[in-house]
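S.K.: Got a structure for you, questions after.
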Amino acid sequence: MGDATAFSSMDEFCGSTFWDANETWWTTDPDFTPCFEQTVLVWAPCAFFWLFMLFDFWYLKASLDKNIPWNRLNISKLLINVGLLVVTALDLIMSFVKKGGDSELPLYGVDIWTPIIKLLTFLMVLMFIPLNRKYGVQTSGCQFMFWFLLTIFSIPRCRTEARLHQERGQIIGSQQAEPHDFTWETYQFASFFIFFAFTCLMLILNCFADQLPRQTKYYRGPKEIPELSASFLSRITYSWFDRMALKGYRNPLEEKDLWDLRPQDSCKEVMPTFAHYWNKNVRKNYKRASGGQEPKAQFSNGKVSFENPQSNGRKKGMASIMPPIYRSFGGIFLFGSFFKLITDILTFAQPQVLSLIIGYVEDFAKVPQPEWKGIMYSILLFVLASAQTFILAQYFHRMFIVGLRIRTALINCIYRKALRISNAARKASTVGEIVNLMAVDAQRFMDLTTYLNMLWSAPLQIALALYFLWQQLGPSVLAGLAVMIIMIPLNGFIASRIKTYQIRQMKYKDERVKLMNEVLSGIKVLKLYAWEPSFEKQVLDIRDKEIATLRATAYLNASTSFLWSCAPFLVSLVTFATYVLIDENNVLDAKKTFVSLSLFNILRFPLTMLPMLITNLVQTQVSVQRINKFLNSEELDPNNVQHDASKPHPMSIENGHFSWGDEDEMTLKNINMQVPKNNLVAIVGTVGSGKSSVIQALLGEMEKISGTVNTVGKMAYVPQQAWIQNATVRDNILFGKPYDRKRYNKVIDACALRTDIEILSAGDLTEVGEKGINLSGGQKQRISLARAVYHNADLYLLDDPLSAVDSHVGKHIFEEVIGPKGMLAKKTRVLVTHGITFLPQTDKIYVMKMGEISENGTYAELLKNRGAFADFLMQHLQEGEEEEEELNQIKRQLSQTDPALVAPFEKAILLARTESLSDSISVTSADSLMGGSLRRRGKRQDSYDSNASAASLKKKQEVEGKLIETEKSQTGGVDFAVYKHYIKSVGIFLSVATLVLNFVFQAFQIGSNLWLTQWSNDKAVEHDTGLRNMYLGVYGAFGFGQVLAYMGSSLVLAIGCIRCAVAIHAQLLSSVLHWPMELFETTPQGRILNRFSKDIHVVDATLPMLLRVVLFCAIAVLATIVVISISTPIFLAVIVPIGFIYYFAQRFYVATSRQLMRLESVSRSPIYSHFGETVTGVSTIRAYTVQDRFIEESDNKVDKNQVCKYPSLIANRWLAVRLEMVGNLIILFASLFAVLGGQTNPGLVGLSVSYALQVTQTLNWLVRMSSDIETNIVSVERIKEYGETKQEAAWELEEDKKKPKNWPEDGRVEFKDFQVRYREGLELVLRGVSFNISGGQKVGIVGRTGAGKSSLTLALFRIIESAGGKILIDGIDIATMGLHMLRSRLTIIPQDPVLFSGSLRSNLDPFEVKTDDEIWKALELSHLKAFAKSLTAGLNHEISEGGENLSVGQRQLVCLARALLRKTKVLVLDEATAAVDLETDDLIQKTIRSEFRECTVLTIAHRLNTILDSDKVIVLDKGQITEFDAPSALLADPKSAFFSMAKDANLV
């Protein structure tokens, strides 16, 4: 009734009928009434515009730009709009003129109101044209939609007007008596078509975006992202991304191809808003002690300040990051959620349309329906699906943006906090944990945002699905629902089991990687001892455990996927069975069956998502707590240090008490210290007396408990442990200051860095590895000092900068830099030092003892006191660390100041002199020649490179500055060979079986669905329960077949993948252990480890899962096509073009997306490594007050990562829109053909359309996953590449068995014109060396650094293969035997003792071939027996990684014990340079002399006195033997090089 009254009032309004069902619906030629066309169809678009206009206003407000120039586009928009206004105004005027009043045509409401509504709307649109221009908005979605709707809705009226015009023509043409006055109708006809033409033009114009604005807040360069100036149409279809997709398809993308970041996503825009809300939140949580209003987040030159939760007033609880996140990013998030709501509703419209289509086909069999209805339903289905596609893409896009912005905000927030956190708080967590906050926890947020809306959307979807299902099947739905609900805890249980297995697997993986790490670190020792097989076995043992857990996980995974794939079937089986069995009258017809099936399919998604979402939420909650804890931790109090310029001295501490943040524990007490301007003040004291703490107190790094600290002027600080950034040497010294060549060179010479820089491959542009890995300790220390000197500050705090450098370098630096004549002479300096030699030149000395200043004064005053300082000197001398000349100098100084002191010191000096077996051989000091770690890493050849001609050096510099060959980031596609390799590893049989079983599974599934159609079409079932039960039984049987086939395929795949994982790892391990040594030197360890951790993990876990999904999806898509073709064979004609579209979208996407992912992961790690560096060097950064520069660097790194991340997210949306449109086309054609083909079988139609409805998602997944496979199969490629590298000679040869069992018996070693080089393309290291050593001789090998001493021994073990000539041992050429045969018959005691984690026993005898007695004997001889006895576990004592829990001396003795256990005829001693104290050294020498009497011993000597008693001495120089004779003979000849060396060492 209500409808009727509404209609009748509308009838009056129009003066004609408003709605006539017979004309519109029950007809073969449908049409709307003119009244309907002139009211609803015009008002609806206008209402839409007025409703969504608010968004347009919001965009105006939010725009960052201004002032678009007038151009053709906006001028034509303006003109056409004015035209429309004129037409509409004319309409209004004409209706007053022609109707009502005197004329016979009455005037109705519609004639007045419709033009008025149109007028107002067009005016509003007109207003927006200049507004958008002024505020720089280039496109408007709301206006586009308005014109689009207006055009579409005007089409019915076009048809009506054209028909009426035709009728009028007929009336006039039929020449009847009475003339008609058609002027009003003719006017309406003309005016409407002008209006319609204008509307179409406006629609076309709105497809384009306006020009670039003239004034922009941020520079919009040529590389700006096209999205910013893309039109609405281009934005919703993502066609602005086409250029990138095309470019990526043609050539692999590189960083230069990427667009700039959208300004609204950059740190500069995101941070201030977040900081503003964060500060507000902090203020709310902490009641201010003082009143007063706080300023907003300041914008001083783009810097953002975060308030510290600790600083103000009482604490009311933790300040949380959540409220600021809601406030800053909630708006976009809600807008996105609104989209999600619309798509959810659209999802449920589809089954309703499906039921209409089935109904149409059912009726068609009885009462043929007009064809246009069927077509309309198909088009409706297509429109719904497309709308859903576009809206969903926008939703995901919005969510990704929110995620990105949250990540940006959190990373920056954490970074800024890390720069201000107090030391106590920093010690509470390791650097790794803090970096994880950024790497893991901030990332979690990003992953969560997309799913967060599922919290309300999933329950909504479930509720709607149940409601519609109830309408179809009544209460039987509950049975199906029950099955689904039972599945959830079952899955939950399996998931928790999987998790425990995963944790276990991670544990084994970590163990395996740790062991691999040790193997790679000590690979040289393993090769020298021929121990590789033992360690290979250890690694494989752990791998077996890991595989066992993997196997369990794989079975569990197979069972979950099996549960989920069978769930839909079980649910439908249970529901339908219940439905037909409850009541005789319940009959399944096609409509019920297929609508229910498609609803059940909708239900599946939210039910799977919910459990995942909940675990995700819990994880994110943990992350939030961790981040909150960090952001609320204590900060350094800026008031620790005052800067009061009125104080007399630039640095002073008065009555200072300090602690390292533990309130009770005071580190420094009663510190009073003044440092006058331009003075040099030294702080000395024993280890742990608090010297460095005083420096930290001056920097304000310590908690001040009482007293005052005052500094005036710029600071520079040299920490005890040099902090070196991962940048070039030059950048490390400049540290953000501009490069001034003259000053820079002066600094480098003063800090004695010139020689080092010349040796480095690319000079000062050489890149320093993380933590300064490729520099020696002394070099790092000097670079750190150079940074301070270059900084040209006023105050210098030098924390023992001379500890890591050689004495003569130290002296040079003191004179040139620190001392009274150095570069810093005019600065105020505080120096912590151990070197006593420099003390007389200081202005004042403070002596620290137990955290207090025990005395102070000048050098002379302190000596007279005979207090702590004299004790300190005495103790220092007895430790005998000083060089000869220094001892003399100390003596001179003493005799000048206080002759009485000389006597007691004489004794100490004498003691020191006997022990100072000065290391005079390396006069050039290991340190200045690139000493330390690199020299041992076989980089000896560097010292030659430095002699190469300058010209070739220049060329080499560029290449060699990079320490390590850069890792190849694979570009382009992956070879088929890699897939072949993978399939081979899985096994041909298993691969085929998987495929076959998957086909069988789909066959059963199609079978069961076809059976359902048969059942639903069979009308005889209504009266025959037997028949019904037969249908039900067969349906069940089909289901059972499905279950078995799927289970089988899952298991077979799992087994295959595990076989593959085992094979691939074993192959990788064995080939890496067979590498020659040179490969280990040029390949960074981290990269090899990466193969063993990440790439193996991909093969273990990631690939099997992806393969399973891809197989499932591919076969499902195939099934869909088969089913649709069965029901409508004509569909096959369409499948080919659709397939083409699909294939191209996929190819474009994969190429672009893969490269974007690679770029993204490459640009992500610098954020974290830079952060890690910052955390370690935070005190240096604070001392130089360069926080802002570091914050900016971090921001740039984040922005750079976003630059790579954003396009890869867009690529996903771009693909989704295109693929889903392909899917929608399949839906359109499947339904169209079903309707048009005169199809009379409603069941088949239902089946094919409901299959088509699912295909969109499956297609999407298929491309996603197959591109993931392509991305991940790269791991197999890399492993394969490592398996195909160069291998060293065979370990065992058949001929070895013919050699004498106890070879070498005499130990004769003979070199014949032997030449060797480290690597291809480098110069020779030994250039034709010939000598002969008879069995049992003791030979010393000496020579300066880089003369080739170690190369000799390496060649003996064939670690480096000969380049000419040969080596004979007992007359057998060593090149003819297997490496293990050779290496196991020689013994070496290497220079740096390498131990492996494991028991003491396994370190001595890894193959477990010796008895306990033999081992104890060896320990006794190597003086370790007492130590080993004292251990509770004895021989099973666990040694930690790298032997950390033994002292260096003990490690050296363990290596000696190893040698004693092997006891071979030839022993090589690569003498330890430092490490061992003199006693241990004597012990080792004694043992070797007694135990290895009969053996041939080759000693590489660094201290001459150890080889003075040998039989022969070989003196090497530049790879040639210059002298070979008995030491006595050489010493007798004053011209010999040996003599001059001995002289340097004060031995003659």
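The values are calculated or read from the model by the stated rules, or taken from the named source; none is laboratory data. Please read all numbers here as calculations on a predicted model, not as lab measurements. Ideal geometry is used to build each Cβ from the backbone, glycine not excepted, and the neighbour counts take in all protein chains shown. For the accessible areas, the whole protein counts, side chains as well, though only heavy atoms, and no ligand, DNA or RNA atoms are used. Shrake-Rupley method; radii C 1.70, N 1.55, O 1.52, S 1.80 Å.
S.K.: Residues of region 1148-1176 being open to solvent by 30 Å² or more (accessible area, probe 1.4 Å), polar (S, T, N, Q) and closer than 15 Å to Gln443 by Cβ, which ones?
M.R.: Ser1161, Ser1165, listed by residue number.
S.K.: In region 1337-1367, which residues are farther than 21 Å from Gln1485 by Cα, open to solvent by 20 Å² or more (accessible area, probe 1.4 Å) and touching an Asp or Glu at 6+ places or on another chain (Cβ under 6 Å)?
M.R.: Scanning region 1337-1367 gives Gly1365, Lys1366.
S.K.: While we're on this one: Looking at region 575-593, which of the residues that are under 25 Å from Ala385 (Cβ atoms) and open to solvent by less than 40 Å² (accessible area, probe 1.4 Å) is nearest to the chain's Cα centre (by Cα)?
M.R.: Thr593
S.K.: May I pose another question? Mind checking which pairs have a first residue in region 1230-1253 that is within 22 Å of Gln1002 (Cβ to Cβ) and open to solvent by less than 10 Å² (accessible area, probe 1.4 Å) and a second that is part of a helix (DSSP H, G or I) and of a type in the set (Lys, Arg), Cβ under 8 Å, 6 or more apart or different chains?
M.R.: Once the first residue is within 22 Å of Gln1002 (Cβ to Cβ) and open to solvent by less than 10 Å² (accessible area, probe 1.4 Å) and sits in region 1230-1253, its partners that are part of a helix (DSSP H, G or I) and of a type in the set (Lys, Arg) give Gly1246/Lys591.
S.K.: Take the residues in region 341-389 that are hydroxyl-bearing (Ser, Thr, Tyr) and within 17 Å of Ser596 (Cβ to Cβ), then tell me which one is surrounded by the fewest Cβ atoms within 10 Å (Cβ to Cβ).
M.R.: Thr347
S.K.: Can you name the residue in region 255-278 that is among the acidic types (Asp, Glu) and open to solvent by 20 Å² or more (accessible area, probe 1.4 Å) and is also farthest from Leu1209 (Cα to Cα) among such residues?
M.R.: The qualifying residue farthest from Leu1209 (Cα to Cα) is Glu269.
S.K.: So in region 75-105, with the set limited to residues that are of a type outside the set (A, V, I, L, M) and either at pLDDT 95 or above or closer than 30 Å to Gln138 by Cβ (or both), which one is surrounded by the fewest Cβ atoms within 10 Å (Cβ to Cβ)?
M.R.: Only one residue tops the list, namely Ser76.
S.K.: Looking only at region 670-709, count how many residues are within 23 Å of Leu839 (Cβ to Cβ) and among the hydroxyl-bearing types (Ser, Thr, Tyr).
M.R.: Selection size over region 670-709: 4.
S.K.: Suppose we keep only residues that are assigned to a loop (DSSP other than H, G, I, E, B) and crowded, with 18+ Cβ neighbours inside 10 Å within region 1519-1548. Which one would you say is modelled with the highest pLDDT?
M.R.: The initial filter retains those residues of region 1519-1548 that are assigned to a loop (DSSP other than H, G, I, E, B), namely 1519, 1526, 1533-1536, 1545-1548.
Okay, now just the ones that are also crowded, with 18+ Cβ neighbours inside 10 Å, so 1519, 1536, 1545.
Values: Gly1519: 84, Ser1536: 88, Ala1545: 70.
Per the criteria, the residue is Ser1536.
S.K.: A further question follows. Pairs please, first residue from region 723-740 and under 21 Å from Ile759 (Cβ atoms) and without any contact (Cβ under 8 Å) to a residue 40 or more places away in the chain, second anywhere and of a type in the set (D, E, K, R) and open to solvent by less than 30 Å² (accessible area, probe 1.4 Å), Cβ atoms under 6 Å, 6+ apart in sequence or on different chains.
M.R.: Arg730/Asp764
S.K.: Could you give every pair whose Cβ atoms fall below 9 Å, whose first residue belongs to region 1141-1163 and is closer than 12 Å to Trp1214 by Cβ and modelled with pLDDT of 85 or more, and whose second residue is among the basic types (Lys, Arg) and part of a helix (DSSP H, G or I), counting only separations of at least 6 or pairs across chains?
M.R.: That search, which allows pairs on different chains as well, returns Phe1148/Arg1218; Tyr1149/Arg1218; Thr1152/Lys247; Leu1156/Lys1205.
S.K.: I'd like the full set of residues that are surrounded by fewer than 17 Cβ atoms within 10 Å (Cβ to Cβ) and not β-branched (Val, Ile, Thr), limited to region 606-625.
M.R.: Passing the criteria: Leu610, Pro611, Met612, Leu617, Gln619, Gln621, Gln625.
S.K.: If you take the residues of region 1275-1328 that are hydrophobic (A, V, I, L, M, F, W, C), crowded, with 16+ Cβ neighbours inside 10 Å and farther than 29 Å from Phe1492 by Cβ, which of them is modelled with the lowest pLDDT?
M.R.: Leu1324
S.K.: Using the structure shown, decide if Lys527 is at pLDDT 85 or above, within 28 Å of Ile1388 (Cα to Cα), in a helix (DSSP H, G or I) and open to solvent by 70 Å² or more (accessible area, probe 1.4 Å). Write out each step before concluding.
M.R.: Values: at pLDDT 85 or above: yes; within 28 Å of Ile1388 (Cα to Cα): yes; in a helix (DSSP H, G or I): yes; open to solvent by 70 Å² or more (accessible area, probe 1.4 Å): no.
When the stated conditions are applied, Lys527 does not pass them.
S.K.: Which pairs do you get when a residue that is open to solvent by less than 10 Å² (accessible area, probe 1.4 Å), found in region 787-806, comes within reach of a residue that is basic (Lys, Arg), reach meaning Cβ atoms under 6 angstrom, with the pair 6+ apart or on two chains?
M.R.: Short answer, once both residue conditions are applied: Ala793/Lys714; Tyr796/Lys827; Tyr796/Arg829.
S.K.: Could you tell me which residue of region 628-646 is nearest to Leu419 (Cα to Cα), considering only residues that are loosely packed, with under 14 Cβ neighbours inside 10 Å and out of contact with any strand residue (DSSP E or B) (no Cβ under 7 Å at 6 or more places or on another chain)?
M.R.: Only one residue tops the list, namely Pro638.
S.K.: With the requirement that a residue be within 47 Å of the chain's Cα centre (by Cα), at pLDDT 80 or above and under 25 Å from Phe1357 (Cα atoms), what does region 1442-1461 give you?
M.R.: Once the filter is applied, which keeps residues that are within 47 Å of the chain's Cα centre (by Cα), at pLDDT 80 or above and under 25 Å from Phe1357 (Cα atoms), region 1442-1461 yields Arg1451, Gln1452, Leu1453, Val1454, Cys1455, Leu1456, Ala1457, Arg1458, Ala1459.
S.K.: Next question. Go through (1) in a helix (DSSP H, G or I); (2) surrounded by fewer than 16 Cβ atoms within 10 Å (Cβ to Cβ) for Lys1197 and report which single condition fails.
M.R.: Here Lys1197 meets the rest and fails (2).
S.K.: From the residues in region 184-212 that are among the β-branched types (Val, Ile, Thr) and closer than 17 Å to Leu233 by Cβ, which one is surrounded by the most Cβ atoms within 10 Å (Cβ to Cβ)?
M.R.: Out of the qualifying residues, it is Thr199.
S.K.: Still on this model: Can you confirm whether Lys499 is closer than 15 Å to Leu1379 by Cα and part of a helix (DSSP H, G or I)?
M.R.: Spelling it out, it is not the case that Lys499 is closer than 15 Å to Leu1379 by Cα and part of a helix (DSSP H, G or I).
S.K.: Just the residues that are part of a loop (DSSP other than H, G, I, E, B), buried (at least 23 other Cβ atoms within 10 Å of the Cβ) and of a type in the set (Asp, Glu), please, taken from region 712-759.
M.R.: none
S.K.: Out of (1) touching a Gly at 6+ places or on another chain (Cβ under 9 Å); (2) open to solvent by less than 60 Å² (accessible area, probe 1.4 Å), the odd one out for Lys66 is which?
M.R.: Just one mismatch for Lys66, condition (2).
S.K.: Going by the structure shown, is Leu51 open to solvent by 20 Å² or more (accessible area, probe 1.4 Å), hydrophobic (A, V, I, L, M, F, W, C) and in contact with a strand residue (DSSP E or B) (Cβ under 8 Å, 6 or more places away or on another chain)?
M.R.: no
S.K.: Among the numbered conditions (1) over 15 Å from Lys509 (Cα atoms); (2) of a type outside the set (Val, Ile, Thr); (3) in a helix (DSSP H, G or I); (4) in contact (Cβ under 8 Å) with a residue 12 or more places away in the chain, tell me where Trp1075 comes up short.
M.R.: Of the numbered conditions (1) over 15 Å from Lys509 (Cα atoms); (2) of a type outside the set (Val, Ile, Thr); (3) in a helix (DSSP H, G or I); (4) in contact (Cβ under 8 Å) with a residue 12 or more places away in the chain, the odd one out for Trp1075 is (3).
S.K.: Got a number for residues in region 661-710 being assigned to a helix (DSSP H, G or I) and within 14 Å of Val641 (Cα to Cα)?
M.R.: Qualifying residue count for the region: 6.
S.K.: Looking at Arg168, Arg159, can you tell me which residue is in contact with a Phe, Trp or Tyr (Cβ under 6 Å, 6 or more places away or on another chain), on the phi < 0 side of the Ramachandran plot and charged (D, E, K, R)?
M.R.: One residue alone meets the criteria, Arg168.
S.K.: Then there's this: Within the group Ser559, Ser596, which residue is open to solvent by less than 10 Å² (accessible area, probe 1.4 Å), among the polar types (S, T, N, Q) and more than 31 Å from the chain's Cα centre (by Cα)?
M.R.: Numbers: Ser559 fails: open to solvent by less than 10 Å² (accessible area, probe 1.4 Å).
After applying the criteria, what remains is Ser596.
S.K.: A further question on this structure: Of the residues Val817, Val789, which single one is part of a helix (DSSP H, G or I), under 16 Å from Ile733 (Cα atoms), among the aliphatic types (A, V, I, L, M) and in contact with a strand residue (DSSP E or B) (Cβ under 8 Å, 6 or more places away or on another chain)?
M.R.: The conditions single out Val789.
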